[in-house]
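Notes follow the structure.
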Amino acid sequence: MITVSSLTRYYGAHAAVKDVSFTIDDKEVVGFLGLNGAGKSTTLKVLAGLIMPSAGEVCIDGVDVLEAPDSFRERIGFLPEDPPLYSEMQVGEFLHWVGRVKGLSKAELKERLPEVLNLCQLADREKWVIGTLSHGYRKRVGIAQAIIHRPKLVLLDEPNSGLDPAQIVEMRKVLSALKEECTVLISSHILSEVSQTCDRILVLHQGAIVAQGTEEELASAFGTEEQTEVSFEVVVRGSAKAASSLLDKIEAVTGCSVESNGELTTLLVEASSDVREQVAKSIVQADMGLLSLSSARFTQLENIFLKLTGGGDA
Amino acid sequence: MTRTLLIARREFAAYFNSLWGYVVMAFILVVGGLLFNTRAMGDGARLSTEVLEEFFEFSFGTTVIAAVLITMRLIAEERQGRTQTLLDASPISDTQLVLGKYFSAFAFLSLLIIATTYMPALIFVNGKVSIGHIIGGYSGLILVGAAVLAIGTFGSTIGRNQLESAAISSVIVLVLILMWKLARMSVPPLSEIFANMSLFDKHFQPFQSGRIEVAAVMYYLSISFVFLSLSIRKMSLRRWK
C-alpha cells in the first residue's frame, strides 16, 4: 500500500504541490493526469525518492521516505521520460549491474534477468550495446531497469512518448504484463492511453488533487453533457485498407487509426455509440479473420479532464 | 561497500569504453616522456639523484593535470547525460556514490602513475638510484593524486558541465599550489599558515627527495578527507533544493 498524505513541496517560496493526499492499493494501475506545471513531475520525483518533501508523509508499506530513504528507494522502480541508460553498456550487462546496485544477489539475478528480458521483450537484444538500440527498445530497457529488483511501486513518466504506433502497441503489452507484478503509477499526457491502461485516475491541478477514481466514477461525478464516446480495439487478419473501408460504412464510427503488422491489422475505433457488434458482423461477413475485439472504453475522459483543469491543452 | 565497489567498477570500465580515458592517458604519458627527455635527462652529465628529483618535480604537475582531467566527468557527466536519475532513484547513499566515483578515478590515476615507472627505470641504465627514493617519490605522487582527485570530485559535484567542473577544480588546485608564493610574500604568522596550506613546496619536496614525512602524508590525506566530505555534503543537498 502506497500512502501519500498532505504532501507539500516548495521550490524556494513557490509550492509546486500543496497538501496532496492519495493512496494506491497493491497491484493497482493508476494514471496520473495534469496540465504542464500541475505538479505531476514534482510528485513523481518525491515518490521516486529523487527529492525530499517539504512537509507531509510518503510511505510504501509503512517505510517513510524521510526516515529510511535508501530502504524506501529499494521499493521503487522509476522510468523518467528520457530513459537513464549507460549507452556504452550491453543490455544484459546493464540490467545485471542495476540489479546488483538495487540489492539483488548474483544468484537471484541469474533467475530474475531472463524473466525481465522476456517480460520487456528484450531477450533477443541482451547482447546489444544500448547506444545502438532504437527509441522503443531503449524505453523497454528503461522499464526493465525499473522492475529488475521486483519493486512494490513502478513509476512511469510518459512511457509512450516518442514511440511509433507499432511500438505503442508493444508497450501496451509490456504494461499489461507489469500489472501482474507490481503497482504501477503512470504519468501521461495521452488521455486515451491512460484510459485504456489504468484502473484508476488521479487528476492533479495547480499542485493539488482535484479528482480521483475510475473513469466511470469520474464520469458520474464530473460528467459533461457532451455525448459520450466509445473506443475499442479490433485485430483482424487482412489488409488495412479493406478493414478501414468496412468501418467507414458504419455511421456511428467517428474515427479510426490503423496499424498494420504483416498480415495482421490493428484498428483503434472511436464511435459515438457502442457499435462493436456491428463491427464484428461486418468483418465476419467480409470474410476477414476477426482475431480479437477489446472491451469498450467510454472515453469522455478528455471532457472531464478539461472541466477539472479549466481547459488548456493536456 | 558492495554498492561502492559496483559504482567504482562500472566507472573504471567507462574510462576504457570511452575515448576520454585513452586520450588522458596518452596525453599525460607523452607530456611526461617529453619532459623527462628534455628536463630530467638534459644534455650534460648529472647525478642520478638529481635526475630523479627533476622527474618527480614535473611528475607532480602531470599528476595534478591528470587528476583534474579524470575527475571533471565524474558527476557532471551523469548530470549531462541524465543518468544521474538512475543513481538518485537507486538505494545508493551519497557517501557510496561519491566514494565509488572517487575510487574509480583513484584506480585509473594509479594505473597512469604506474605506467610512468619506465622513466625512473631508464635511469638505472646509466646511473644508480636508491629504490627508497623511487618509493618515496611515487608515494608522494599517489598522495598528491588522491588529494587533487578529491578536489576534482568536489568540482564535479558543483559544475553544471564538465568544463565548468574542470575550471572550478583547477582554480582550487592553483590557489593551493600558489600558497607557497603567498607564504614568501607575507610575514609570520600568516607566512606559516600559507606554507602549511601549500599543495607543493613544503609538502611535496620531501617526497621529491625520497623522504616520507608524516606531516606531509597527513596534509594530503586531510585535503582528500575535507574535499570528499564536502562532495558528499553537496550531493545530499540536491534532494532538498
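Some notes on this structure:
- Evaluated on the protein assembly as shown, the Kirkwood hydrodynamic radius is 27.2 Å, with distances taken between all distinct Cα atoms.
- Computed over chain B, Cα set: Rg, Dmax in Å: 18.7, 62
- Once you reduce region B:78-144 and region B:213-241 to the center of their Cα atoms, the two points are 17 Å from each other.
- Residues of type aspartates and glutamates that B:K241 reaches as a straight line, Cα spacing below 17 Å, ignoring anything fewer than 8 places off in the same chain: B:D88, B:D94
- Ordering A:Q90, A:V65, A:L113 by Cα displacement along the dipole of the protein assembly as shown toward the positive end leaves A:Q90 in first place; charges were set at the Cβ atoms of Lys, Arg (+1) and Asp, Glu (-1).
- The value of relative contact order for region A:2-221, using C-alpha pairs under 8 Å at least six residues apart, is 29 percent.
- Net dipole in debye of the protein assembly as shown [+1 Lys, Arg Cβ; -1 Asp, Glu Cβ; about Cα centre; nearest 20]: 2120 debye
- Sites A:R237 and A:H135 - FRET efficiency at Förster radius 22 Å, r taken between beta-carbons, to 0.05: 0.15
- Proximal aspartates and glutamates relative to A:K127, as straight alpha-carbon distance under 16 Å, when same-chain residues fewer than 8 apart are discounted: A:E88, A:E93, A:E115
- For B:L221 and A:E302, the FRET efficiency from 1/(1 + (r/R0)^6), where r spans their Cβ atoms and R0 equals 56 Å, is about 0.35.
- Exceeding the 20 Å Cα-Cα cut-off - candidates A:K152/B:K101; A:K18/A:K40; B:K202/B:K234; A:K102/B:K101: A:K152/B:K101; B:K202/B:K234
- Selected from A:Q121, A:Q145, A:Q278 as most flexible by GNM, with chain A as the system and alpha-carbon contacts under 10 Å: A:Q278
- Degrees between helix A:135-147 axis and first principal axis of chain A (Cα, 0 to 90, nearest 10): 50 degrees
- Phi to ³J(HN,Hα) by Karplus 6.51 cos²θ - 1.76 cosθ + 1.60 over region A:67-75, Hz, x for Gly, Pro: 7, 9, x, 5, 5, 4, 5, 5, 8
- When the Cα positions of A:G77, A:Q212, A:A243 are compared along the charge dipole of chain A, A:G77 comes out farthest toward the positive end, with charges on each C-beta of Lys, Arg, Asp and Glu.
- Residue of A:N261, A:N160, A:N36 that the Gaussian network model of chain A assigns the largest fluctuation, springs spanning Cα pairs under 10 Å: A:N261
- Average Cα contact separation per residue, region A:230-298, under 8 Å, 6 or more apart, as relative contact order %: 47 percent
- Derived scalar couplings between HN and Hα for region B:182-194 equal 4, 4, 6, 8, 10, 10, x, x, 4, 4, 5, 5, 4 Hz in order, rounded to whole Hz, by the Karplus curve 6.51 cos²θ - 1.76 cosθ + 1.60 (θ = phi - 60°), x for Gly and Pro.
- Applying 0.36 nm per residue to the separation of B:M185 and B:I212 and subtracting their alpha-carbon distance, the gain on full extension is 7.0 nm.
- Added length on full extension, which subtracts the Cα-Cα distance from 0.36 nm per residue, B:T95 to B:S18: 25.2 nm
- Of B:R211, B:R73, B:R82, the one that fluctuates the most in a GNM where chain B has Cα springs shorter than 10 Å: B:R82
- Using the Cβ-Cβ distance between B:A45 and B:K241 with R0 = 56 Å, the FRET efficiency computed as 1/(1 + (r/R0)^6) comes to roughly 0.35.
Values quoted throughout were computed directly from the atomic coordinates according to the rules given, and no laboratory measurement underlies them. Just so it is clear, the structure is predicted and the values come from calculations on it, not from any experiment. Glycine gets a Cβ as well: all are built from the backbone with ideal geometry, and neighbour counts include every protein chain shown.
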